[in-house]
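S.K.: This structure is in structure tokens; I'll ask about it shortly.
Please treat every number below as a calculation from the coordinates, not as lab data. From a predicted model like this one, the values you see are computed outputs, not experimental measurements. Note: ideal-geometry Cβ built from the backbone for every residue, glycine included; neighbour counts use all protein chains shown.
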Amino acid sequence: MSLSEPFAEGDSLIHRLDPRGRILVAALFAVLVAAAATYATAIGGLALAAFCLALARLPLKKVLTRLLVVNGFIFFLWAVLPFTHPGETLWRLGPLAASREGLLLTGLITLKSNAIILALMALVATMPVITLGQALQQLRLPGKLCHLLLFTYRYLHVFELEYQRLVQAMKIRGFQPKTNLHTYRSYAYLAAMLLVRSYDRAERVFQAMLCRGFQGKFYTLRTFIWSRRDVWFLAAALPVLAGLFCLELFPLRLL
Amino acid sequence: MTAPLIELQHLTFTYPGAPRPVFEDFNFQLFPGKHLGLVGPNGIGKTTLLHLIMGLLRPQAGRIVIFGKEVKTPRDFVEVRRQVGLLFQNPDDQLFCPTVLEDVAFGPLNLGKSRQEAVAIARETMAQLGLEGFEERVTYKLSGGEKKLVALATVLAMQPRLLLLDEPTTGLDEATKHRLIHLLQGLKISYMIVSHETDFLNHTVTECCHVHMHCCRPDTMPLGGKKHEAL
């Protein structure tokens, strides 16, 4: 099942915290770190994120695999940014010149994105997507956005099953992908079929909702309760975030 | 004679782009207290008939009268849907909330019930169907049969005056099927069932109708007297 949530199950300190508090802290952290322009803040953020990750006790191998995917994108930055950013030339590669400023900027971006990803993994990926949607709703995010999230997740699952059914139907009739027109045509049919079926499905779901008196309003029954643990978590996290902010305002000279 | 719950007069319906109409000058009546089975070959229009009654499909001609009132506009059908429950053929079309309890409570909440009332109704309905303990289960991770039962619960939770069931038994095991039969026999409301299972219909309906293009004629198959027999 490709839609598994490997981090959502667990019994660590982080897992037991109220989802709303975790989302709040993660969001604040992400904004702070994303806006940071100094290495001190970026490194501090990375350290904090790593600390949260350790608290969440996530399987290290899966964490690294995910980080690898994200850093795949960042690799392209390393290939482009140092050579295009204007500044003092550090070294040359044929006609290309890498600038000191470019390298520093790329390094900063790498640190910041890894810090944010780690923090999100530790704080947000440790809850099921459904809980995330319900918690966002409790945080008074626009209902339509929350339901967009929940519906997307809900029907990704259905479409995945539909896709598997179609692929199975092809397989049991002896379909083997090769490099020929028959294969391309079959894949085109598969994609088209998935699209048409998804559209039909959406239509029927909406009809079923109408049949149950739907008039554009959604309700959630889930309620979350703040516990003492959550108060402590916020009481500890907010000053630390404030410290991170001060680090940004009065930067230490690291580099 | 009491007025029919549903009356379809001279109804004509053709799917867009289809060469032939599904219904042409179609007439049909359902009287209060009736437990009717709809039978007929695949593609004859049984599901279409249910969807026309719910206003999900719009006829090209003819009159639809439900509970003695003609329904024409989408607004009219909003009222119909509050009182008529439709169980879809495919439960994946019907269940969309994250958890079972939320899905079952969705209808009552739409009817204006308070949160507590809706949850109470949802729990009661689920208990009727033997779905205790399913409250926090995730709807799309249920098995096919479980989905079907939960979908039925979502419809029953609206406490409808009339129930339309589109192949309710597909994917149910024997024990669950028996529970469904028992439940339907205990219902005080009228219902119509589309099904291909003669045995199931034998136990749940008093009359079977063959759906045709122009009418819905009582079946010649002897069914009377078998209803409400102990299983």
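S.K.: Against the condition under 16 Å from the mean Cα position of the chain (by Cα) and either within 11 Å of chain A (Cβ to nearest Cβ) or closer than 30 Å to B:Glu197 by Cβ (or both), how does B:Val22 come out, does it pass?
M.R.: For B:Val22, the condition - under 16 Å from the mean Cα position of the chain (by Cα) and either within 11 Å of chain A (Cβ to nearest Cβ) or closer than 30 Å to B:Glu197 by Cβ (or both) - is not met.
S.K.: May I ask you to say which residue of A:Ala34, A:Ala50, A:Ala8, A:Ala30 is in contact (Cβ under 8 Å) with a residue 40 or more places away in the chain, out of contact with any Phe, Trp or Tyr (no Cβ under 9 Å at 6 or more places or on another chain) and in a loop (DSSP other than H, G, I, E, B)?
M.R.: That would be A:Ala8, the only listed residue that is in contact (Cβ under 8 Å) with a residue 40 or more places away in the chain, out of contact with any Phe, Trp or Tyr (no Cβ under 9 Å at 6 or more places or on another chain) and in a loop (DSSP other than H, G, I, E, B).
S.K.: Where residues in the range B:45-78 are assigned to a loop (DSSP other than H, G, I, E, B) and surrounded by fewer than 17 Cβ atoms within 10 Å (Cβ to Cβ), which of them is nearest to the other protein chains (Cβ to nearest Cβ)?
M.R.: B:Leu57
S.K.: If you don't mind, there's one more thing I want to ask. For a quick check of your reading: which helices (runs of 4 or more DSSP H) sit entirely within the range B:79-153 and have at least 1 residues that are under 19 Å from B:Thr169 (Cα atoms) and within 9 Å of another protein chain (Cβ to nearest Cβ)?
M.R.: B:91-94
S.K.: Give me the residue from the range A:162-185 that is of a type in the set (S, T, N, Q) and under 22 Å from B:Asp92 (Cβ atoms) and, out of that set, surrounded by the most Cβ atoms within 10 Å (Cβ to Cβ).
M.R.: Among them, the one singled out is A:Gln164.
S.K.: Further question on the same structure: Given A:Ala208, A:Ala188, which one is more than 19 Å from B:Asn90 (Cα to Cα), hydrophobic (A, V, I, L, M, F, W, C) and either loosely packed, with under 11 Cβ neighbours inside 10 Å or without any contact (Cβ under 8 Å) to a residue 12 or more places away in the chain (or both)?
M.R.: Exactly one of A:Ala208, A:Ala188 is more than 19 Å from B:Asn90 (Cα to Cα), hydrophobic (A, V, I, L, M, F, W, C) and either loosely packed, with under 11 Cβ neighbours inside 10 Å or without any contact (Cβ under 8 Å) to a residue 12 or more places away in the chain (or both), namely A:Ala188.
S.K.: A further question follows. Name, by its number, the condition in (1) facing chain B (nearest Cβ under 9 Å); (2) closer than 30 Å to A:Arg20 by Cβ that does not hold for A:Arg201.
M.R.: Every listed condition holds for A:Arg201 apart from (2).
S.K.: Does B:Lys177 meet the test of being free of Cβ contacts under 8 Å to residues at least 40 places away in the same chain, part of a loop (DSSP other than H, G, I, E, B) and not polar (S, T, N, Q)?
M.R.: Here the answer is no, as B:Lys177 does not meet what is asked.
S.K.: A further question follows. Do you know which residues across the range B:137-169 are under 27 Å from B:Leu30 (Cβ atoms) and in contact with a Gly (Cβ under 8 Å, 6 or more places away or on another chain)?
M.R.: The answer is B:Lys148, B:Leu149, B:Thr154, B:Val155, B:Leu156, B:Ala157, B:Met158, B:Pro160, B:Leu162, B:Leu163, B:Leu164.
S.K.: Mind checking which residues of the range A:122-154 are within 14 Å of chain B (Cβ to nearest Cβ) and β-branched (Val, Ile, Thr)?
M.R.: A:Val129, A:Ile130, A:Thr131, A:Thr152, listed by residue number.
S.K.: Taking the condition in contact with a Phe, Trp or Tyr (Cβ under 7 Å, 6 or more places away or on another chain) and under 27 Å from B:Asn110 (Cβ atoms), does B:Pro32 pass?
M.R.: The answer is no for B:Pro32.
S.K.: Further question on the same structure: For the range A:116-168, which positions are of a type in the set (A, V, I, L, M, F, W, C) and on the phi > 0 side of the Ramachandran plot?
M.R.: None; the set is empty.
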